[in-house]
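Comments concern the structure below.
No lab work stands behind these numbers, since they all come straight from the coordinates. Keep in mind the model is a prediction, meaning the values are calculated, not measured. Glycine also receives a Cβ, built like all others from the backbone with ideal geometry; neighbour counts cover every protein chain displayed.
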Amino acid sequence: MNKKVLLISANQLHDPYPIYPIGISYLTTYLKKYLPQFKVLTFDMNRGTLEELAGLLTAQQPDYVGVSMRNIDGANSFDQKSFIPGYEKIVCVVKKHSKAPVILGGAGFSIYPEILFERLGADFAVKGEGETALTELITCLENQTDYSHIEGLLYRKAEKIILNSRREFSTKLTVFYDTDLTDYYWEHSGMLNIQTKRGCYHKCIYCSYPLIEGERVRTLDIDEIIDNIERLWKEKNINYIFFTDSLFNINREKTMELAEAIIRRNLKVQWAAYFSPSYLLDEELALYKQSGLMHIEFGSESFSDTQLENYGKNFTFDTILKTSELALKHNIFYAHFMILGGYGETEQTLDETFTNSKLLRYTVIFPFVGMRIYPGTPLQKYAIRDGIISSGDDLLEPRYYISPHFDQTTLKEKAKQTGKAWIFPDDISEVDIQAFKLKRKKKGLIWEYLRKP
Ligand code: B12
């Protein structure tokens, strides 16, 4: 009889839309290739209840159970609910209905590896990318050999939690989508997702991405990515893709190669990604447009040069403006994601941001208010120095750096006065988005309907 691994996607957040658990698909694909004697089962908490999970565990009795934790909270100061109690319930059900070792992982988990390992009483865990570490761990446990060399692994040794550092990363990865899940997510979010790169070397003071994925940028195999998109398109008619890279345009050469490959393969798909407004060229955008780029989500964060510098960004408002105009010229929809009231914000810098926003044409602006403080970032040090958090705070409960030098109560009014489409986190709900999509039978992102000239 086949041995079994069960991978659980613990994410239940539907805001701004439900996200296909792509991390689980990468792991499943890798496990199936390198441990073919194992049957890999998945359970998605977006689609099933704790009772159903308990039933599956009892019926299948998996030999190993992995739990994927994407989000710790909504990273939104307007709604500071922590998802950890929900994850505790999931792990509790796993332990009650199975004797399998519990292995944790995921983007959110990787920001708090030791703390969550301890709190959830895991047997093992992996910080960062999981393909090789999980496969090696299962192999070692099966063969009863030493696992202490596995990079990125967390385990217990003499009552201490050990976290192994990492030097090697995977690049030749493929992903096979779970056909059951693709149907659900195509219907409910109108897109599928795939990764083309991992890692980020930027030094934005608040960001956890380099801590999760590492600073070294690794580009994944372009042919494999294109094959995947083609399979989705030909087999399922899925024609809208979100590239989930931390920063899609961090490596121009490889990104242009990817776009050229989409065009060469004649894939009629539309796509979106998270871009930095810096280093985008005219001919580059023309190529992306030709390959199907529909929506750019710019991580602009502020329209004040003082604030951009305070946040550790490597561009100025002038670049944001020029790049926005370029996107407009190529008929690509673009939105700006912002952090208002973060480290260093004052009334003056805010006024600068609102005044500059008037120069941006045909766009929509999505501000978060305050910066979620993550451990290991420069922001954590500033927040301790400025008396916003104590040095002993593990930051698992959401904490925000909200500058004391501006008036939060006038933010929305000031935004409104610009006449631009400023959409705050509580202005629009997931229900509104779903209703809108259904009405228009629209796939993909839909914020272009909110733009103002
Ligand atoms: C792309 C992205 C988005 C896109 C997703 C678009 C799409 N259609 O897919 C958008 C912009 C929509 C988005 C939205 C949100 N996001 Co987001 N997002 C990301 C990002 C950049 C990449 C996630 C991803 O897909 N990675 C690619 C896959 C392949 O990697 P993976 O899932 O991490 O899986 C790998 C490993 O983690 C590991 N692994 C995963 N599971 C398991 C399990 C086991 C057992 C093991 C061993 C290993 C393992 O192995 C996998 C393969 O290598 C991450 C940051 C980052 N760099 O990770 C933030 C991130 C996950 N998001 C975050 C947040 C907060 C959100 C939002 C709540 C923000 C908001 N208020 O809108 C929403 C929530 C959406 C939802 N419904 O869940 C946070 C979570 C931290 C936190 N505070 O909780 C992150 C970490 C960014 C951050 N701020 O630090 N997001």
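Take Asp221, project a point 7 Å from its Cα along the Cβ direction, then tell me which residues of the stretch 3-43 have their backbone nitrogen under 14 Å from it.
29-31, 33-34
Simple spin-label model, 7 Å along Cα-to-Cβ: Ser148 to Tyr449 in nm?
Rounded to a tenth, the inter-label distance reads 5.9 nm.
How do Glu283, Glu309 line up, fewest other C-beta atoms within 10 Å first?
Glu283, Glu309
By counting other Cβ atoms within 10 Å of each Cβ, how are Asp44, Asp73, Asp282 ranked from fewest to most?
Asp282, Asp73, Asp44
Amide H to amide H under 5 Å from Phe43: which residues, 5+ apart in sequence or cross-chain, H placed 1.01 Å off N in plane?
Leu7, Ile8, Ser9
Can you spot the aspartates and glutamates whose alpha carbon is less than 15 Å from Lys172's alpha carbon? Ignore those fewer than 8 places along the same chain.
Within the straight-line cut-off, Lys172 pairs with Glu129, Glu131, Asp221, Asp223, Glu224, Asp227.
Please give me, ordered by residue number, the chymotrypsin sites (Phe, Trp or Tyr not before Pro) of the stretch 46-139 that lie in loop per DSSP and have at most 15 other Cβ atoms within 10 Å.
Counting only loop positions with at most 15 other Cβ atoms within 10 Å, the chymotrypsin sites (Phe, Trp or Tyr not before Pro) in the stretch 46-139 are Phe78.
Between their Cα atoms, which of Lys197/Lys414; Lys96/Lys197; Lys254/Lys414; Lys32/Lys234; Lys81/Lys268 are more than 31 Å away from each other?
Over 31 Å Cα-Cα: Lys197/Lys414; Lys96/Lys197; Lys254/Lys414; Lys81/Lys268.
Tell me, what HN-Hα J-couplings in whole Hz come from the Karplus equation 6.51 cos²θ - 1.76 cosθ + 1.60 at θ = phi - 60° for each residue of the stretch 60-65, using x for Gly and Pro?
Once θ is set to phi - 60°, the couplings for the stretch 60-65 become 9, 6, x, 7, 9, 10 Hz.
About its Cα centre, what dipole magnitude does the stretch 45-124 give when the only charges are +1 on Lys and Arg Cβ and -1 on Asp and Glu Cβ, stated in debye to the nearest 20?
Using only the charged Cβ atoms, the result is roughly 120 debye.
Give me the distance in nm between label points sitting 7 Å out from Cα along the Cα-to-Cβ direction at Glu52 and Gln434, one decimal.
The two pseudo-label positions are separated by 1.4 nm.
From the Cα gyration tensor of the stretch 152-222, with a ≥ b ≥ c the square roots of its eigenvalues, which class applies: rounded if a/c is under 1.5, or else prolate if a/b is larger than b/c, or else oblate?
prolate
Just grab the label-to-label distance for Arg231 and Gln290, each label 7 Å out from Cα along the Cβ direction, in nm (one decimal).
For Arg231 paired with Gln290, the spin-label model returns 2.9 nm.
I need the phi-derived Karplus couplings for the stretch 264-277: 6.51 cos²θ - 1.76 cosθ + 1.60, θ = phi - 60°, integer Hz, Gly and Pro marked x.
Calculated HN-Hα couplings, in order: 4, 7, 6, 7, 8, 10, 9, 8, 9, 6, 9, 10, 8, x Hz.
Rounded to the nearest 10 degrees, what's the angle between the helix 179-188 long axis and the longest principal axis of the chain, both from Cα atoms, 0 to 90?
Its long axis makes an angle of about 30 degrees.
Residue by residue through the stretch 75-87, which ³J(HN,Hα) values in whole Hz follow from phi under the Karplus form 6.51 cos²θ - 1.76 cosθ + 1.60 (θ = phi - 60°), with glycine and proline marked x?
6, 9, 5, 6, 9, 9, 5, 8, 8, 4, x, x, 5
Gain in length, Lys381 to Asn314, computed as 0.36 nm per residue apart minus the alpha-carbon separation, to one decimal in nm?
22.1 nm
For the residues Ser278, Ser189, what sequence is obtained by ranking on other C-beta atoms within 10 Å, fewest first?
Taking fewest neighbouring Cβ atoms as first place, the list is Ser278, Ser189.
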